[in-house]
Amino acid sequence: MNKILGKLSIIVLIIILLVSIFANIISPYDPNFQDKENRLSGFTQEHKLGTDPLGRDMLSRVIYGGRSSILIGVLATLVSMTIGSGMGIISGYFGGRLDKFITSITNIFQALPQMAFTIAIAGVLGPGIKNLILALVISSWAGFSRIVRAEVLKVKEEPYIEAMVYLGSSDLSIILFHIIPNIMPNIIILLTTRIGRSLLSIAALSFLGLGVQPPNPDWSVMINDARLYYRSYPYLIVVPGFSIFITILSINTLGDYLRDIFDIRSEEII
Amino acid sequence: MKEYIIEKVKSIFIVLVGISLLSFLLGVVSPGDPAELSLSKYGYSPTPQEIEARRVEMGLDKPIHIQYINWVKNILKGDFGKSFSTKENVTDMIIRKAPVTFKLAMYSIVITSVFGISLGVIAGINKNKPIDNLIKLITNILFSLPTFWLALLFILIFSEKLGILPTSGDGGFKYMIMPAVSLSLITMSTTAMVMRSSMIQEFGKQYYTFAKAKGISKYDLYIKNVLPNAILPVLTILGNFFGSILGGSAVVETIFALSGIGSYAVESVFSKDFPYLQAYVLLTGLAFVLVTSLVDILIIIINPKIRLKGDIYE
């Protein structure tokens with residue numbers, strides 16, 4: 001069951017990525033072109049998924065709609081992962097006061113409810129892709145740190161690592177060649193699930209007007225644009241929302257599948 | 001035990017200082033001049049002299065660490081400053097708005113607990129059977145739904161099509177159903193997953209094999225023996241969730257026009273009402289820390305035998 005769903009999710013993700021990358025070739029219209037004669041057209045021959053309140057082609061906007069969010073989500077999660085894992089490795093490997101210090105910082109960042117914190121940072125920094133990534137990184141790196149630290153502590157107790165220390169291997173080479181390869185499966189799974197979560201946060205922020213900004217064709221922005229109209233024209237929110245949902249569902253399913261492959265049952269990684 | 005409590009209090013203190021620093025820093029990095037923002041009203045721009053006077057009055061001429069200390073002192077007195085946009089005391093605004101969010105969070109945590117725990121128990125007992133797979137599929141789907149989209153779909157279905165639930169405003173129970181359900185889905189599915197795996201872990205323990213061998217009824221076995229043990233990790237995450245729901249209500253409050261602390265936090269970003277935003281972050285953080293610490297203590301009271309591990313300085 002998981003195997004089939006896992007493979008299916010990979011196929012779906014590849015399709016979503018290809019569509020996003022080649023959006024300019026595939027989409028029938030310029031996503032920002034306003035066909036003023038044909039606003040809120042419903043499904044027609046010219047506009048397969050209808051047009052929005054400004055007469056823009058929905059299909060083209062949906063095709064473009066994943067680009068910014070996916071890019072931001074992946075970038076932000078990669079940066080969070082690098083910072084968080086780095087901190088977690090240092091903290092778990094060296095222990096002592098450094099560990100206490102890093103753990104305290106991690107606890108502080110984890111004590112703020114993520115949504116409230118992200119809204120506040122994004123709000124204070126102002127709109128823009130760079131600021132959005134920064135807000136996501138600040139509010140999510142600590143999650144990586146805590147889990148990676150716990151994994152490092154487990155690996156560190158392995159007899160062969162202790163042996164390497166006695167044999168005089170440098171800390172750096174132990175970390176690079178033994179600790180990191182050992183915790184890599186966990187990091188990859190964590191990365192996958194966290195990309196899914198970042199996408200949910202970005203979607204929420206963009207919907208609130210604090211993330212990706214209009215007129216950028218983005219799934220959440222499209223839903224926000226439709227807030228005054230969706231009750232009479234449900235198609236305005238159904239397709240963009242479904243696109244977000246399928247993307248995140250595929251990422252989460254892939255995460256589950258990876259967990260099976262690597263045979264990791266750590267419940268920490270949710 | 002005593003050592004544990006001292007360590008715990010110490011770490012809570014550090015966290016509280018930390019979140020107050022972070023909230024303070026939000027104000028420091030926020031764009032615009034606080035003195036000017038606090039004087040500006042619709043259609044009125046203050047003169048440079050007024051701004052200068054206000055700057056001194058607000059203590060903005062002092063070095064940054066003194067500003068922080070004064071800020072904390074005021075907060076300890078219950079004074080979060082005045083809102084830049086409504087000129088009202090932020091404390092009064094929070095007191096007025098918090099009950100709405102709190103009510104929403106209570107409903108959500110009840111939904112999260114009841115459905116999350118039940119689904120998790122059912123899945124755990126029927127491990128790897130079709131019903132377990134079905135529950136897994138459902139929780140995976142719920143876990144991937146954007147809250148705001150679901151909330152809008154709810155409005156389309158239950159208000160527009162069926163006309164059985166009101167779309168906005170805060171009234172009684174009926175008004176809270178859609179917001180609370182939308183807000184609960186992710187936490188509920190996570191609770192179910194954790195409950196399931198916690199049950200399954202108990203199945204590997206000696207008392208379980210023993211009780212099963214004795215041939216006691218399924219009800220006694222699962223509900224009386226396994227559940228009380230398996231539920232402890234779930235309590236911890238429920239505590240976490242209550243905090244994160246309190247701080248995660250912005251989207252739902254905005255869609256359903258509930259005048260809680262979250263929807264105004266979003267407005268405060270647009271109206272550059274940074275004192276409010278700072279108070280919002282600090283208070284939701286504080287609530288989060290208090291609730292999770294209470295749950296930790298509660299778990300120790302329920303089961304003092306638990307090894308005091310998994311905590312900050314293990």
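The values are calculated or read from the model by the stated rules, or taken from the named source; none is laboratory data. In this text, all values refer to a predicted model and were calculated from it rather than measured experimentally. Here the Cβ is made from the backbone with ideal geometry for all residues, glycine too, and neighbour counts use every protein chain on show. Keep in mind that these areas ignore ligands, DNA and RNA; they rest on the heavy atoms of the full protein, side chains included. Shrake-Rupley method; radii C 1.70, N 1.55, O 1.52, S 1.80 Å.
Toward the positive end of the charge dipole of segment B:98-303, with +1 on the Cβ of Lys and Arg and -1 on the Cβ of Asp and Glu, the farthest Cα among B:183, B:135, B:171 is that of B:135. Residue B:56 to residue B:267: FRET efficiency via 1/(1 + (r/R0)^6), r the Cβ-Cβ distance, R0 30 Å, to the nearest 0.05? E(calc), rounded to 0.05, equals 0.55. Considering only protein heavy atoms and a probe of 1.4 Å, how much of the accessible area of segment B:160-207 is carbon and sulfur, as a whole percent? So the carbon and sulfur contribution to the accessible surface is 58 percent. Other protein chain C-beta atoms within 10 Å of residue C-beta, averaged over B:137-143: 3. Taking other residues whose beta carbon is less than 15 angstrom from the beta carbon of residue A:136, and scoring Lys, Arg as +1 and Asp, Glu as -1, yields +3.
Per residue, the convex hull spanned by the Cα atoms of segment B:96-192 measures out at 99 cubic angstrom. Within segment B:233-252, the residues that become at least 50 Å² less accessible when every protein chain is included than when their own chain is isolated (1.4 Å probe; DNA, RNA and ligands ignored) are B:251. The calculated FRET efficiency for the pair residue B:207 and residue A:101, based on their C-beta separation and a Förster distance of 51 Å, comes to about 0.80. For segment A:111-118, backbone phi angles converted through the Karplus equation (6.51, -1.76, 1.60; θ = phi - 60°) give residue-by-residue couplings of 7, 8, x, 4, 5, 4, 5, 5 Hz, Gly and Pro being listed as x. Using a probe of 1.4 Å on the protein chains alone, the accessible area found for residue A:233 is around 80 Å².
Between 0 and 90 degrees, the angle of helix A:129-156 with respect to the longest Cα principal axis of chain A falls at about 30 degrees. What Kirkwood hydrodynamic radius do you get for segment B:98-303 when you take the inverse of the mean 1/r over all pairs of distinct Cα atoms, in Å? So the Kirkwood estimate lands at 18.5 Å.
For chain A, the normalised intensity computed at q = 0.08, 0.09, 0.16 Å⁻¹ comes to -0.41, -0.50, -1.18 (log10 of I(q)/I(0), Debye sum over alpha carbons, equal scatterers, no solvent). Shown for chain B are the DSSP H helices of 20 Å or more along their axis, judged by Cα atoms, with a mean Kyte-Doolittle hydropathy of at least 0.5: B:2-29, B:90-125, B:173-203, B:227-246, B:274-302. For the protein assembly as shown, the fraction of C-alpha pairs more than 35 angstrom apart is 43%. Taking the charge dipole of chain A about its Cα centre, with +1 at Lys and Arg Cβ atoms and -1 at Asp and Glu Cβ atoms, the residue from A:54, A:238, A:148 reaching farthest to the positive side is A:54.
For residue B:212, a cut-off of 19 angstrom between C-alpha atoms picks up these lysines, skipping any fewer than 8 places away in its own chain: B:127, B:224.
Over chain A, dividing the summed -39,500 (n - 2.57) contributions of all DSSP H runs of at least 4 residues by the number of residues returns a 222 nm mean residue ellipticity of -23500 deg cm²/dmol. Over all other residues within a Cβ to Cβ distance under 13 Å of residue B:37, the charged ones net out to +2, with Lys and Arg as +1 and Asp and Glu as -1. Between the alpha-carbon centers of segment A:44-123 and segment B:120-191, tell me the distance in whole angstrom. Segment A:44-123 and segment B:120-191 have Cα centres separated by 24 Å. Rounded to a whole number, what % of the accessible area of segment B:236-309 do carbon and sulfur atoms account for, probe 1.4 Å? Summing carbon and sulfur atoms, their accessible area is 69 percent of the total for segment B:236-309. Residues within the reach of a label modelled at residue A:71 (point 7 angstrom out along Cα to beta-carbon, backbone nitrogen below 14 Å), restricted to segment A:205-219, are A:212-213, A:216-219. Within 10 Å of the Cβ of each residue in B:148-159, the mean number of Cβ atoms contributed by other protein chains is 5. For the protein assembly as shown, a simple Cβ point-charge model (Lys and Arg +1, Asp and Glu -1, everything else neutral) yields a dipole of about 1280 debye relative to the Cα centre.
Per-residue ellipticity at 222 nm from helix content only, as computed over chain B with -39500 (n - 2.57) for each DSSP H run of at least four residues, stands at -23500 deg cm²/dmol. For segment B:1-141, report the % of Cα-Cα distances exceeding 25 Å. Considering segment B:1-141, 58 percent of its Cα-Cα pairs are separated by more than 25 Å. For segment B:76-209, the solvent-accessible area with a 1.4 angstrom probe is 46 square angstrom per residue. Of the listed residues A:115, B:106, B:1, the order by accessible area with a 1.4 Å probe, largest first, is B:1, B:106, A:115. Heavy-atom accessible area with a 1.4 Å probe sorts B:103, B:161, largest first, into B:161, B:103.
Report, in listed order, any pair from B:77/B:174; A:100/A:156; A:36/B:272; B:73/B:97; A:100/A:130; B:8/B:73 with a Cα-Cα distance greater than 26 Å. Long pairs (Cα-Cα over 26 Å): B:77/B:174; A:36/B:272; A:100/A:130. Ligands, DNA and RNA left out, the accessible area of segment A:84-240 computed with a 1.4 Å probe is 65% carbon and sulfur.
For segment A:2-153, the convex hull spanned by the alpha carbon atoms encloses 162 Å³ per residue.
For every other residue with a beta carbon closer than 11 angstrom to the beta carbon of residue A:234, add +1 if it is Lys or Arg and -1 if Asp or Glu, then tell me the sum. For residues surrounding residue A:234, the net value is +1. So, in Å, what gap is there between the alpha-carbon centers of segment B:32-92 and segment A:233-267? Taking the Cα centre of segment A:233-267 as reference, the centre of segment B:32-92 is 45 Å away.
Charged side chains reduced to their Cβ positions (Lys and Arg at +1, Asp and Glu at -1) give segment B:98-303 a dipole of some 860 debye around its Cα centre. Chain B and chain A together bury an accessible surface of about 4400 square angstrom, both sides counted, with a 1.4 Å probe and no ligands or nucleic acids included.
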